[in-house]
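*Asks:* Before I ask anything, here is the structure I am working with.
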Amino acid sequence: MPVILLEDVNKLYGFGDATTIALDEVELSIERGEFVAIMGPSGSGKSTLLNVIGLLDRPTHGKYMLDGRHVARLRQQSRARVRRDKVGFIFQSFNLLPRMTVIENVALPLAYKGMLQTKRLKKAAAMLERVGLSEKEYFYPSQLSGGQAQRVAIARALINDPQIIIADEPTGSLDSASSRLVMELLSDIHKAGNTVLMVTHNPSLTKYASRVVFMHDGSIVADEQTKLGEIPDTLKRSMYFAPRKTVDDDLKGVSSLMNTMPDEKPAAKKVSVKKATPKKRTYKARTKKAKAKK
Amino acid sequence: MVTGNFKIAMDSIKHAKWRSFFTMLGIIIGVASVVTIISIGEGVKKQVSEEIDRRGPDLITVRPGKVAETDENGRINSASIFSSLVNAPLSENDLKVVSGTSDVDYAVPVSYLSGVPKVEKTEMPRAVVFGTSGDLPKALNQKIEYGAFFDKGANKNVAVIGPRVAEELFKETVPVGASMQLRGQSFVVVGIFEEFNDISLSPEADYNTAIFIPTEAAKKLNNNQLPIQQILLRPDELSQRDEVAKNVESRLLNSHAGQHDFSVLTQDNNRSISNEILNILTSLVTAVAAVSLIVGGIGIMNVMIVSVTERTHEIGIRKAVGATNRQILAQFVIESAVISFVGGIFGIIVSLVANFVLRVSTNLVPVITLPIMGIALVVALLVGVVFGVAPALKAAQKDPIEALRRV
């Protein structure tokens, strides 16, 4: 029995001529213990998918079963409860409450469960120890580094023993050292048996995932199981792979985008500054480069 | 959850100290003014009541006009503030009827005369002149400090004055033997009353500024007529009080040909009437002051609406970690209730200070009782809850995705 089962899920915004299809007949099933990375360009529906899975949003049509329960048509009140008990959120901007101490932030979901203060602080302390931040319990979020803040957020996401952990670009605002720490932590959590769903723009992070899902224009265009530590083939083939910039590109700046030949090998090495005659340009080449730049 | 919300509320008050203070200001002023006004009213009631006690429980007062409506048990259920102003005064005949009633020890007429007393060039317009008889000190239970009160049948031009008159008109403490001019006639001061308890805002006249002259002299001043505003009488025994009051009433009713255009009042009646009048006055002024409480509530509502907008992101986070709409609603309602309640506490502190200042600088003796404080705090709390609901609903209904996007 999968933890998450999405069948024919649509999400539409607006109506009439202005209708935007954010999710287009998405079918997705995630088993317990998977680490799923979701990739795709901006506007491809990744965030909407996360919001639907995290019960922050309701699908317009379709079936959504979370942990064996139909949750697509739940009322606000019950959705909040399911969210509290089954979903843990990790955001790019940490989203800690600035006026609460670290330990209070971690204990917040327990407060909405109605747990007594002493009990929830005890639990939160244990969770902070797990993420290695015991000594920061009574700090305020503003006194933490980005990596530490994200680890606090991870502790908060884990405090309710959720069925699924949803991470929306967890390393998006971190430097590479902190990113590594945070990803190792997420990876540990995954290895401990948790289900993790992560959106990322960084292809190298997919090596932590056991499965990579690619989205485009609201649909899932590729779905690939990978071994831990490996980057999936789809990604290698796709436009998302590592920066293809060279020193030449940097020198040329933006105009290099225009000069890329579609048939040429990746990295427009052959296009030199001297040879500035414009060549045939195609839409495909431009998009490729634009994505690579990101 | 409630204690958690309480802590959140206290945190956000502490976090924005000045803003919270200005938010509370409306409530502080409202609570302080309501409590102070009520306490002044209570103070006056208490003083009047003490004065009535001091004059003794057996005193019976007859007044012109129907001062109060009574129900079948003789309890007063409404009092008229202006009745004695618009009614014809009692007559000398009424005095005869009253003093002729059996078991009446003595009956003292009090008639109000117009006239400004004058000593050489000094005038005292605020002095009040009363024509009365020799038993007045007994009826008021008040001692003469210097000299003596005039005798029962006195018809000479003599006067007994209150201590304020001595100070302001004669500029000396003991002007016994001095004379003053009153409507062209000369009066000799024969006695000075001891200081009366001065009760500001009491419906009774202030006898400290009074000049008492014999009824005969008063008649001469007033075209041989004696309009009587009040007859004070005492029965022989306290136990006869109710019976005497009833007899006086029926005899007067006979002599007035069945017209009930007078009132016979025991001290208990007097107390109820005075309380009734003060209640009307204080509730009017309190109603005005209560408007400021409502304005304070609107102030809280405004600040809470701004605060909800400012904290949209926080609301988003809370919803993402599982807060239900109701829990968000509770958080903001509790916050506004706490602000208002704390404002109420400050308001009571302010009114206690005002109480102290009033006691020191005026002769008012305001009384702040625990029930008044309790009611004020409950009202402040209610104001907070009522005016907190709208902003809290706004907070609760925010869409979590939108809210998370707003930083």
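*Asks:* Round to the nearest 0.05 the FRET efficiency obtained for B:Glu195 and B:Ala16 when R0 = 51 Å and r is the Cβ-Cβ distance.
*Replies:* 0.40
*Asks:* Which value, in debye to the nearest 20, gives the size of the charge dipole of the range B:209-297 about its Cα centre, when Lys and Arg are +1 and Asp and Glu are -1 at the Cβ?
*Replies:* So the dipole magnitude of the range B:209-297 works out to roughly 280 debye.
*Asks:* What list of ³J(HN,Hα) couplings, whole Hz, do you get for the range B:22-33 from phi and the Karplus terms 6.51, -1.76, 1.60, once you set θ to phi - 60° and write x for glycine and proline?
*Replies:* For the range B:22-33, the Karplus-derived couplings read 5, 5, 6, 3, x, 5, 4, 5, x, 5, 4, 6 Hz, x marking Gly and Pro.
*Asks:* Continuing with this model, one more query. Which of the residue pairs B:Lys152/B:Lys246; A:Lys122/B:Lys14; B:Lys45/B:Lys118; B:Lys7/B:Lys394 have a Cα-Cα distance greater than 23 Å in the structure shown?
*Replies:* Going by Cα-Cα distance, B:Lys152/B:Lys246; A:Lys122/B:Lys14; B:Lys45/B:Lys118 fall outside the 23 Å limit.
*Asks:* Taking +1 at the Cβ of each Lys and Arg and -1 at the Cβ of each Asp and Glu, which of B:Leu364, B:Phe346, B:Val35 sits farthest along the dipole of the protein assembly as shown towards its positive end, judged by Cα position relative to the Cα centre?
*Replies:* B:Phe346
*Asks:* Still on this model: Starting from the Cα of B:Asp268, step 7 Å along the direction of its Cβ; do the same at B:Lys7; then give the gap between the two resulting points in nm.
*Replies:* 5.8
*Asks:* Also, quick follow-up: Assign one of three labels to the range B:89-260, namely rounded, prolate or oblate, based on the Cα gyration tensor with a ≥ b ≥ c the square roots of its eigenvalues; rounded applies when a/c is under 1.5, prolate when it is not and a/b is larger than b/c, and oblate otherwise.
*Replies:* Verdict is prolate for the range B:89-260.
*Asks:* Looking at the range B:106-197, send over the antiparallel percent of its DSSP beta bridges, to the nearest 5. Walk me through the numbers before you get to the answer.
*Replies:* Numbers: 14 of 18 bridges.
Bridges in the range B:106-197 that DSSP calls antiparallel: roughly 80 percent.
*Asks:* To make sure I understand, if each residue's beta carbon is the centre and we count other beta carbons within 10 Å, what order do A:Val87, B:Val338, A:Val106, B:Val367 fall in, fewest to most?
*Replies:* The most exposed by this proxy come first: B:Val367, B:Val338, A:Val87, A:Val106.
*Asks:* If you don't mind, there's one more thing I want to ask. With +1 on the Cβ of every Lys and Arg and -1 on the Cβ of every Asp and Glu, and nothing else charged, how large is the dipole of the range B:89-260 about its Cα centre, in debye rounded to the nearest 20? Intermediate results must be reported in sequence, preceding the final value.
*Replies:* Values: 17 positive and 23 negative charges, 130 e Å.
Roughly 620 debye for the range B:89-260.
*Asks:* Rank these for me by crowding, B:Lys66, A:Lys46, B:Lys143, going from fewest to most other beta carbons within 10 Å.
*Replies:* In order of increasing Cβ crowding within 10 Å: B:Lys143, B:Lys66, A:Lys46.
*Asks:* Averaged over its residues, how many other protein chain Cβ atoms are within 10 Å of peptide A:83-95's Cβ atoms?
*Replies:* For peptide A:83-95, the averaged partner shielding equals 3.
*Asks:* Please work out whether the range B:130-190 counts as rounded, prolate or oblate from its C-alpha gyration tensor, where a ≥ b ≥ c are the square roots of the eigenvalues and a/c under 1.5 means rounded, while otherwise a/b larger than b/c means prolate and anything else oblate?
*Replies:* oblate
*Asks:* Averaging sequence separations of C-alpha pairs under 8 Å and six or more residues apart, then dividing by the length of chain B, give the relative contact order as a whole percent.
*Replies:* Relative contact order of chain B: 29 percent.
*Asks:* Using helices alone, I'd like the mean residue ellipticity at 222 nm for the protein assembly as shown: each DSSP H run of four-plus residues gives -39500 (n - 2.57), total over residue count, nearest 500.
*Replies:* Using -39500 (n - 2.57) per qualifying helix, the result is -15000 deg cm²/dmol.
*Asks:* On average, how many beta carbons from a partner chain sit within 10 Å of the beta carbon of a residue in B:310-320?
*Replies:* 5
*Asks:* Tell me, what ³J(HN,Hα) does each residue in the range A:136-143 have, in order and in whole Hz, if you take phi through Karplus 6.51 cos²θ - 1.76 cosθ + 1.60 with θ = phi - 60° and put x for Gly and Pro?
*Replies:* 9, 3, 9, 7, 9, x, 5, 8
*Asks:* Quick one: compute the contact order of the range B:89-260, relative version, from alpha carbon pairs under 8 angstrom and 6+ residues apart, as a percent.
*Replies:* Relative contact order comes out at 33 percent.
*Asks:* From the residues B:Ser99, B:Ser274, B:Leu293, which one has its Cα farthest along the dipole of chain B in the positive direction, the dipole being from +1 and -1 charges on Cβ of Lys/Arg and Asp/Glu about the Cα centre?
*Replies:* It is B:Leu293, whose Cα lies furthest towards the positive end.
*Asks:* If the only charges are +1 at each Lys and Arg Cβ and -1 at each Asp and Glu Cβ, what is the size of the charge dipole of the protein assembly as shown around the Cα centre, to the nearest 20 debye? Before the final figure, lay out the partial values.
*Replies:* Working: 86 positive and 71 negative charges, 1198 e Å.
That gives the protein assembly as shown a dipole magnitude of about 5760 debye.
*Asks:* Determine which aspartates and glutamates satisfy two conditions relative to A:Lys136: a Cα distance under 15 Å, and not lying fewer than 8 residues away in the same chain.
*Replies:* Straight-line reach from A:Lys136, under 15 Å: A:Glu104.
Just so you know, all these numbers are worked out from the coordinates, no wet-lab data involved. Keep in mind that this is a model prediction, so the values were computed, not measured. We place every Cβ from the backbone using ideal geometry, glycine too, and count neighbours over all the protein chains shown.
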